[in-house]
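J.: Quick one: structure below, then a few questions.
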Amino acid sequence: MNIWRPVEDTPERILQGELWDVLVVQRVVRNGGGALAFEGRLQRDADEAFRLLKGRFSAHGYTPVLRRQHGRDVIVAMPGVARPGGRGRWWVHLGLFLATIVTTTFMGALLVGANPLFHPRGLWWGMWFAFGLLTILGVHELGHYVAARYHRVAVTLPYFIPIPLGLGTFGAFIQLKSPVEDRRALFDVGVAGPLAGLLVAVPLFVAGLMMSDLVAGLGGAGLGKSLLVDALVQWVHPHPPGYAVSLHPLALAAWFGLLVTGFNLLPAGQLDGGHIAYAVLGVRARWMTASVLLMLVALGWLYWPGWFIWAFFVALTGLRHPMPLNEITGLDGWRRLGALLSVALLAVTLTPSPF
């Protein structure tokens with residue numbers, strides 16, 4: 001006697017059923033951690049397919065990931081759905097920012113040769129430096145933050161890092177709390193920071209130059225001039241040989257801001273330029289990172305030892321960049337033009353010998 005039993009709805013059956021108008025399934029692969037990979041041919045544009053599957057899969061507790069491998073379209077169903085985190089501890093961000101104001105004010109005064117504890121104008125000069133540097137860093141991170149929120153990526157407020165050495169800070173960063181959906185969003189988040197930072201760094205540098213003094217040749221080594229810095233100096237303070245510009249603390253802060261912007265535009269690892277490179281090249285960007293790593297080592301050997309530190313940082317973050325959820329959709333024409341602009345900005349903001 002035959003006994004009828006209902007067919008059990010397994011996750012594989014349920015998820016494959018959601019693909020009926022999205023993917024012609026040719027093969028199903030069970031990956032580790034409960035992930036399921038459906039290989040075949042997309043019936044829709046990758047953008048549209050991802051939007052459909054994001055809603056369908058999330059109802060079953062899965063997140064779709066789109067890839068193209070060996071000529072096949074692959075939709076991976078990853079267990080779990082990323083949810084935006086809470087509001088975070090705002091007081092941590094505020095406390096770090098206030099501490100960074102103190103350290104950058106103190107170190108900025110020392111950089112211009114005035115100990116704020118003893119020199120009557122040291123505190124004032126240090127405040128100019130802190131204002132310029134933190135404005136550039138803050139606007140830079142705000143650019144990332146706004147772009148991330150625009151693309152519905154959960155993100156923290158900026159973390160400023162105070163340190164009583166060097167510039168008084170190791171910079172600032174934001175932390176992404178959910179995956180980036182596609183390469184277009186990754187490009188926007190990556191490029192928004194440097195562009196926003198430059199929009200304030202250039203005017204602040206010009207304003208600082210206008211408050212700077214033209215003096216007889218100081219002798220000794222000076223700060224390196226990138227193409228952009230040299231053009232701005234010659235525009236605001238044209239001077240004959242034998243003279244030099246003694247930078248106001250605001251101009252000095254903006255000079256460092258422009259330099260850090262150039263560093264971040266290097267197309268490698270987890271730097272802003274690395275995000276841009278991955279958005280353009282996809283997984284092939286790892287070869288770009290490897291090339292930049294070798295170039296930094298060469299620059300450190302030939303010009304400035306500080307390049308070794310940046311090479312170490314790039315190597316520490318790894319050659320591989322985290323993939324967005326939708327790996328298939330590439331950049332449009334405007335974003336590719338923006339990528340070329342970022343290369344041009346890198347060329348005019350960096351110099352082989354900053355110091």
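The values are calculated or read from the model by the stated rules, or taken from the named source; none is laboratory data. Since we're looking at a predicted model, the values are computed, not measured. Positions of Cβ are generated from backbone atoms using ideal geometry, with glycine treated the same way; all protein chains shown enter the neighbour counts. The protein model used for the area step is the full one, side chains on, heavy atoms only, and it has no ligands, DNA or RNA in it. Shrake-Rupley method; radii C 1.70, N 1.55, O 1.52, S 1.80 Å.
J.: With only Lys, Arg, Asp and Glu charged, each at its Cβ (+1 for the first two, -1 for the last two), find how big the charge dipole of segment 73-208 is about the Cα centre; round to the nearest 20 debye.
T.: 300
J.: Angle check, please: helix 272-281 long axis (alpha carbons) against the longest principal axis of the chain (alpha carbons), in degrees 0 to 90, nearest 10.
T.: 40
J.: So, one more: Could you report the chain's accessible area per residue, 1.4 Å probe, as an integer in Å²?
T.: Ligands and nucleic acids excluded, the result is 53 Å² per residue.
J.: Ignoring ligands and nucleic acids, what accessible area does PHE106 show with a 1.4 Å probe (Å², nearest 10)?
T.: Around 70 Å² of this residue is reachable by solvent.
J.: Another question, then. Report, to the nearest whole %, how much of the accessible area of segment 202-329 belongs to carbon and sulfur atoms, 1.4 Å probe, protein only.
T.: The computed percentage sits at 71.
J.: Take the alpha-carbon centre of segment 293-355, take the same for segment 17-65, and report the distance between them in whole Å.
T.: Computed from Cα coordinates, the inter-centre distance equals 34 Å.
J.: Compute the orientation-averaged projected area for segment 146-280 from the convex hull of its Cα atoms and round it to one decimal in nm².
T.: Averaged projected area of segment 146-280's Cα convex hull equals 9.7 nm².
J.: Separate question: On the protein heavy atoms, probe 1.4 angstrom, tell me the percent of accessible surface of segment 25-166 carried by carbon and sulfur.
T.: 60
J.: Placing +1 at every Lys and Arg Cβ and -1 at every Asp and Glu Cβ, with all other atoms neutral, what dipole size does the chain have around its Cα centre, in debye to the nearest 20?
T.: 620
J.: What's the longest bit of the chain with no exposed trypsin sites (Lys or Arg not before Pro), using DSSP loop states and at most 12 other Cβ atoms within 10 Å as the test?
T.: No qualifying site falls inside 153-319, the longest such stretch.
J.: Further question on the same structure: In the neighborhood of GLN26, defined by Cβ-to-Cβ distances under 13 Å, what is the net charge if each Lys or Arg adds +1 and each Asp or Glu adds -1?
T.: +1
J.: Between segment 127-195 and segment 92-122, how many Å separate their Cα centres?
T.: Result: 21 Å between the Cα centres.
J.: Placing +1 at every Lys and Arg Cβ and -1 at every Asp and Glu Cβ, with all other atoms neutral, what dipole size does segment 214-355 have around its Cα centre, in debye to the nearest 20?
T.: 200
J.: Right, another one. Could you state the angle between the C-alpha long axis of helix 183-210 and the longest principal axis of the C-alpha atoms of the chain, as a value from 0 to 90 degrees rounded to the nearest 10?
T.: That works out to roughly 10 degrees.
J.: Pairing the Cα long axis of helix 46-58 with the longest principal axis of the chain, what angle in degrees results, from 0 to 90 and rounded to the nearest 10?
T.: 70
J.: Work out the charge dipole of the chain with +1 on the Cβ of Lys and Arg and -1 on the Cβ of Asp and Glu about the Cα centre, then indicate which of MET295, HIS151, VAL28 is farthest towards its positive end.
T.: Checking the options against the dipole of the chain, the answer is VAL28.
J.: I want to verify a result. In a Gaussian network model of the chain, Cα cutoff 10 Å, which of these has the top mean-square fluctuation: ASP73, ASP45, ASP272?
T.: Comparing ASP73, ASP45, ASP272 in the GNM, the peak value goes to ASP45.
J.: Continuing with the same structure: Could you check what % of the DSSP bridge pairs in the chain are antiparallel, to the nearest 5?
T.: 95
J.: In Å and whole numbers, how far do the C-alpha atoms of segment 277-355 stretch along each principal axis, longest first?
T.: Its Cα atoms span 41, 26, 14 Å along the three principal axes.
J.: Rank GLY273, ILE328, THR349 by how far each Cα sits towards the positive end of the charge dipole of the chain (+1 on Lys, Arg Cβ; -1 on Asp, Glu Cβ) and give me just the farthest.
T.: Selected residue: ILE328.
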